[in-house]
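Asker: One structure, as structure tokens, below. Some questions next.
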Amino acid sequence: MPDITALLAELRTIVGDVGLLTDPADTAAYAEDWRGLYQGHTPAVVRPASTAELSAVVTACSRAGVAMVPQGGNTSMVGGATPSGTGDEIVISLARMNRVRAIDPVDLTVTLEAGVTLKAAQNAALEAGCMLPLSISSEGTAQIGGVLATNAGGNNTLRYGNARDLVLGLEVVLPDGQIWSGLRRLRKDNTGYCLRQLFVGAEGTLGIITAAVLKLVPQPREVEVALCTVPSTEAALALYTRFSRHDPAAIQAFEYMSGQGMDFVLRHIPGASLPLPVAAHYVLIELATPRENAQLRASFEQILMPALEDGVAIDAVLAESQAQRAAIWRLREEHAEAQKREGASVKNDVSVPVSKVPELLARAQKAADALMPGVRMVPFGHMGDGNIHLNFEQPIDMDAASFLARDHDLMDMVGEIVKSLDGSFSAEHGVGKLKPYMMPEWRGGAELETMRRIKAALDPRGVMNPGKVLP
Ligand code: MLT
Ligand code: ZN
């Protein structure tokens, strides 16, 4: 049994009083996940102020054989940053490592510490006349370290890729405390195995990301946002195809929302209001370009007018101001929060080829009705890249506990359909502690075996975020 008291005394000498929380009143918020699915326990939350401090902390924990759970903004959808209930895993918060170390508008790169929130990183890029092209609903709270550890995707993936595609370099504290300084900012670098991509998406199971170099893009000169109602998911796909054939380079987001999800947002989010009549299906389209005189409003009209005439769209509004753009985006971004306020939910963060989204939704609705009459399907998300949050809300007449007890039934039902459409059971949220049970079926054989070998090679003592990703 590790001597936790001795370890905590050692950690206090490394990070000082300000960097060590042990009072349960202070640590409780770090021990529970954002969704309220997992209530863990931890003897301490360590908040190092530098990579050197973190390295010393990890060295001490590893030597003592004490497990560590790295945590950023604690916005995981799959319990990826929550300690177990056993009370012997130490949470390591990166929040104090929150400096923008460098930004270069010529190289179009930014060097960020792990605790910088995504929103702060976006703002730093804007101040330098650039844009960090990664946007997720939780960006005000989510931190760069967690965003990279989970390979977050979000709203702009169809144009710029997900977090993985933006990473040029990383700094990582390895499970034994060594620091890997890989903060390179090269566009070309073929020097052996690509280590940085090993840590992106590993969900903190192979080491702790402490800083990163990310790619930026030029700031757009024109941004236009439209909200449309469409008669069906097939029509949503048809509209997407019309936009992507017209000017694929200008599409920055193409998001789908259902009538059910919009209803939750309108009822639970103060100030949310719909600028067009209610409908069963909505799409939010954002066009943006750094080009001058690109006339994006004209592009919108060129596509939306005929779509309205031939019934591919029912109604459409174009935002007239930055405030209206933000109000329309809010209707989309508050979906997760609104769903939480409505009650318990089972989330399926799935991806399929874009062309299969309507079939996915139709088959899931039918199967859900048969499996659990009254369950409320709340599909929404990044239709333009094929990633749908195929979520379910508890039936009105079922209590939360009985509903959540059947989460695997709903997840497996969706999984079967997604598999038959060549999709993935986790598009952008990761595996965390919610879904490792799905790994053998989905990533079994040589793939899972290789993942296990990588884990064993880097973290032979199994101290880095145990119980996550791998079953
Ligand atoms: C989002 O795009 O808003 C999140 O990834 C959502 C979710 O599944 O609730
Ligand atoms: Zn999402």
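The values are calculated or read from the model by the stated rules, or taken from the named source; none is laboratory data. Quick caveat, the model's predicted, so the values are computed rather than measured. Every residue, glycine as well, gets a Cβ built from its backbone with ideal geometry; the counts of neighbours run over all protein chains shown. When the accessible area is computed, the model is the full protein with side chains, heavy atoms only, and any ligands, DNA or RNA have been set aside. Shrake-Rupley method; radii C 1.70, N 1.55, O 1.52, S 1.80 Å.
Asker: By how many nm would the segment from LEU371 to SER355 grow when fully extended, if each residue of separation counts as 0.36 nm and the alpha-carbon distance is taken off?
Answerer: Numbers: separation 16, 0.36 × 16 = 5.76 nm, distance 2.57 nm.
Stretched fully, the LEU371-SER355 segment lengthens by 3.2 nm.
Asker: If amide H atoms are built 1.01 Å from N in the plane of the peptide, which residues on other chains or at least 5 residues away come under 5 Å of the amide H of GLU32?
Answerer: GLY40
Asker: Over the residues of the chain, compute the C-alpha Rg and express it relative to 2.2 N^0.38 Å.
Answerer: Details: Rg = 22.5 Å, N = 471, 2.2 N^0.38 = 22.8 Å.
In units of the globular-protein estimate, the chain measures up at 0.99.
Asker: Which order do TYR282, TYR193 take when ranked by solvent-accessible area (1.4 Å probe, heavy atoms of all protein chains), largest first? Before the final figure, lay out the partial values.
Answerer: Numbers: TYR282 5, TYR193 205 Å².
I get TYR193, TYR282, largest accessible area first.
Asker: Still on this structure: Could you order the peptides 407-418, 360-371, 382-393 from most to least packed, using the average number of other C-beta atoms within 10 Å per residue?
Answerer: Working: 407-418: 19.1, 360-371: 16.8, 382-393: 25.0.
Descending mean neighbour count gives 382-393, 407-418, 360-371.
Asker: Can I ask one more? Tell me whether region 353-446 comes out rounded, prolate or oblate; compute the Cα gyration tensor, take square roots of the eigenvalues as a ≥ b ≥ c, and use a/c under 1.5 as the rounded threshold. Walk me through the intermediate numbers first.
Answerer: Working: a/c = 1.80, a/b = 1.23, b/c = 1.46.
Oblate.
Asker: What residues qualify as long-range amide H neighbours of GLN252, i.e. H under 5 Å apart, gap of 5 or more or another chain, H built at 1.01 Å from N?
Answerer: Counting only residues 5 or more places away or on other chains, the set is GLU286, LEU287, ALA288.
Asker: Based on the alpha-carbon gyration tensor of region 293-372 and its eigenvalue square roots a ≥ b ≥ c, which shape applies: rounded if a/c is under 1.5, prolate if not and a/b is larger than b/c, or oblate? The partial results should precede the final answer.
Answerer: Details: a/c = 2.61, a/b = 1.51, b/c = 1.73.
The shape class here is oblate.
Asker: Something else about it: With angles folded into 0 to 90 degrees, how steeply does helix 4-15 sit against the dominant principal axis of the chain? Use alpha carbons for both and round to 10.
Answerer: Helix 4-15 sits at roughly 70 degrees to that axis.
Asker: Under 17 Å from the 7 Å Cα→Cβ point of ILE179, by amide nitrogen: which residues of region 1-16?
Answerer: 14-16
Asker: If you count, for each residue, the other Cβ atoms within 10 Å and average over each peptide, how do 29-36, 89-96, 269-276 line up from highest to lowest? Please list the in-between numbers first.
Answerer: Details: 29-36: 18.0, 89-96: 23.4, 269-276: 12.6.
Ranked by mean Cβ neighbours within 10 Å, highest first: 89-96, 29-36, 269-276.
Asker: Once the mean 1/r over all distinct Cα pairs of region 237-294 is inverted, what Kirkwood radius in angstroms do you read off? All intermediate terms of the calculation are to be shown ahead of the outcome.
Answerer: Values: mean 1/r = 0.0752 Å⁻¹.
Over region 237-294, the inverse of the mean reciprocal pair distance is 13.3 Å.
Asker: Which ³J(HN,Hα) values, rounded to whole Hz and listed in residue order, are derived for region 432-444 from phi using the Karplus coefficients 6.51, -1.76 and 1.60 in 6.51 cos²θ - 1.76 cosθ + 1.60 with θ = phi - 60°, glycine and proline given as x?
Answerer: Each residue of region 432-444 in turn: x, 9, 7, 10, x, 4, 7, 4, x, 6, 8, 10, x Hz.
Asker: Turning to a different aspect of this structure: Going by amide H atoms built from the backbone, whose H comes under 5 Å of the H on ASP315, apart from near neighbours?
Answerer: Excluding prolines and chain starts, which carry no amide H, the hits are THR229.
Asker: Ok, one more. Does region 94-175 come out rounded, prolate or oblate by the C-alpha gyration tensor, with a ≥ b ≥ c the root eigenvalues, rounded set by a/c under 1.5 and, if not, prolate when a/b is larger than b/c and oblate if not? Please report the intermediate quantities before stating the final value.
Answerer: Working: a/c = 1.32, a/b = 1.09, b/c = 1.22.
It comes out rounded by the Cα gyration axes.
Asker: List, in order, the whole-Hz ³J(HN,Hα) value for each residue of region 351-365 obtained from phi through the Karplus relation with A = 6.51, B = -1.76, C = 1.60 and θ = phi - 60°; use x for Gly and Pro.
Answerer: Calculated HN-Hα couplings, in order: 10, 9, x, 3, 5, 9, 4, x, 5, 4, 5, 5, 5, 5, 4 Hz.
Asker: What distance in nm lies between label points placed 7 Å from Cα along the C-beta direction at ASP165 and ASP107?
Answerer: So the two model labels end up 2.3 nm from each other.
Asker: Given the C-alpha centroids of region 136-175 and region 7-81, what is the distance between them in whole angstrom?
Answerer: One Cα centre to the other: 21 Å.
Asker: Starting from the Cα of LYS119, draw a straight line to each of the lysines and keep only those under 17 Å, dropping any in the same chain fewer than 8 residues away.
Answerer: LYS119 reaches LYS215.
Asker: Given +1 on the Cβ of Lys and Arg, -1 on the Cβ of Asp and Glu, and no further charges, what dipole in debye does region 110-225 carry about its Cα centre, rounded to the nearest 20?
Answerer: Working: 10 positive and 10 negative charges, 73 e Å.
I would put it at about 340 debye.
Asker: Which order, highest average first, do 291-298, 346-353 follow once you tally other Cβ atoms within 10 Å for each residue and take the mean per peptide?
Answerer: The peptides rank, most packed first, as 346-353, 291-298.
Asker: Also, quick follow-up: Read phi for every residue in region 367-380 and hand back ³J(HN,Hα) as whole Hz from Karplus 6.51 cos²θ - 1.76 cosθ + 1.60, θ = phi - 60°, with x for Gly and Pro.
Answerer: For region 367-380, the Karplus-derived couplings read 5, 5, 4, 6, 6, 9, x, x, 5, 9, 7, 10, x, 7 Hz, x marking Gly and Pro.
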